[in-house]
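Only one structure is covered here, and it is reproduced in the block below.
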Amino acid sequence: MPIRDTIAIVASDDEKALEVADAVWLNNQRVLLVAKYPGQMMQALQTIQDEYPLAEVEVMDCMKEGCWEADLILLNIEEEDVVPVASLIREVAVQKPVVRLIWDSDATAKMIRLQQLMTHAKVVVALQMNRTCNFQLTGDDPDTLRGIQTILKCKSGDANGVSGGR
């Protein structure tokens, strides 16, 4: 049986978790929905299980443990949650890709800020362009950028306009 990648989705609420699920391929993955509060993410759990029946999906209410188990960490959090979340997961995200999905501007500044908070992680910011199906990826590690392009459902390119992915 092939080994599944484990993806942790850290989101402010069910809606933001589902935005991540809409943006990335989760087939044949182990998906950890990391809840901020007990009982949270149940709607997202059911929706993702319905859409991706081959995915193994579970809710975890310990952010640090969920991110420790993950091969890839996807963040869709409010701006005011960036520092507390980074502080909680910093030591378990060493050398792991940490991708923050955003829908507003200034991806470069947000990538730099997150990289400063998580100095040993491979930080990427994925900016969805005008709520279309295009992403601009910002990050320093070319291998990580290419890896992220392969899981995005939509066309993606780096900040220099190099396209790839789906």
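Okay, here's what the table says:
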{"quantity": "Highest-first arrangement of 49-56, 80-87, where packing means the average Cβ count within 10 Å", "calculated": "80-87, 49-56"}
{"quantity": "Debye, to nearest 20: dipole size of the chain, +1 on Lys, Arg Cβ, -1 on Asp, Glu Cβ", "calculated": "480 debye"}
{"quantity": "Long-range lysine pairs (8 or more apart or interchain), the chain, Cα under 14 Å", "calculated": "5"}
{"quantity": "Sequence of C154, C67, C62 once ranked by neighbouring C-beta atoms within 10 Å, starting from the fewest", "calculated": "C62, C154, C67"}
{"quantity": "Whole-angstrom gap from segment 67-131 to segment 17-62, using each part's C-alpha centre", "calculated": "18 Å"}
{"quantity": "Burial ordering of T6, T150, T119, fewest other beta-carbon atoms within 10 Å first", "calculated": "T119, T150, T6"}
{"quantity": "Fewest-first ranking of M129, M63, using other Cβ atoms within 10 Å as the exposure measure", "calculated": "M129, M63"}
{"quantity": "Relative contact order, percent, segment 6-164 [alpha-carbon distance under 8 Å, six or more residues apart]", "calculated": "19 percent"}
{"quantity": "Built amide H within the under 5 Å cut-off of N134, gap 5+", "calculated": "M129"}
{"quantity": "Residue-by-residue Karplus 3J(HN,Hα) for segment 101-111, coefficients 6.51, -1.76, 1.60, Hz, glycine and proline x", "calculated": "8, 9, 10, 10, 8, 6, 4, 5, 5, 5, 5"}
{"quantity": "Ellipticity estimate at 222 nm from DSSP helix runs (n ≥ 4, -39,500 (n - 2.57)) divided over the chain, nearest 500", "calculated": "-9500 deg cm²/dmol"}
{"quantity": "Difference of contour (0.36 nm per residue) and Cα-Cα distance, D104 to Q43", "calculated": "19.4 nm"}
{"quantity": "Among I102, I77, I151: highest mean-square fluctuation, GNM of the chain, C-alpha pairs under 10 Å", "calculated": "I151"}
{"quantity": "Whole-Å semi-axes of segment 6-164's equivalent ellipsoid (Cα gyration tensor)", "calculated": "22, 18, 14"}
{"quantity": "Tail beyond 16 Å, pair distance distribution of segment 82-145 (Cα, percent)", "calculated": "41 percent"}
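Bear in mind these aren't lab numbers, they're just calculated from the coordinates by the rules spelled out. Since the model is a prediction, treat every value here as computed from it, not as a measurement. Because the Cβ atoms are built from the backbone with ideal geometry, glycine has one as well, and the counts that use them run over all protein chains shown.
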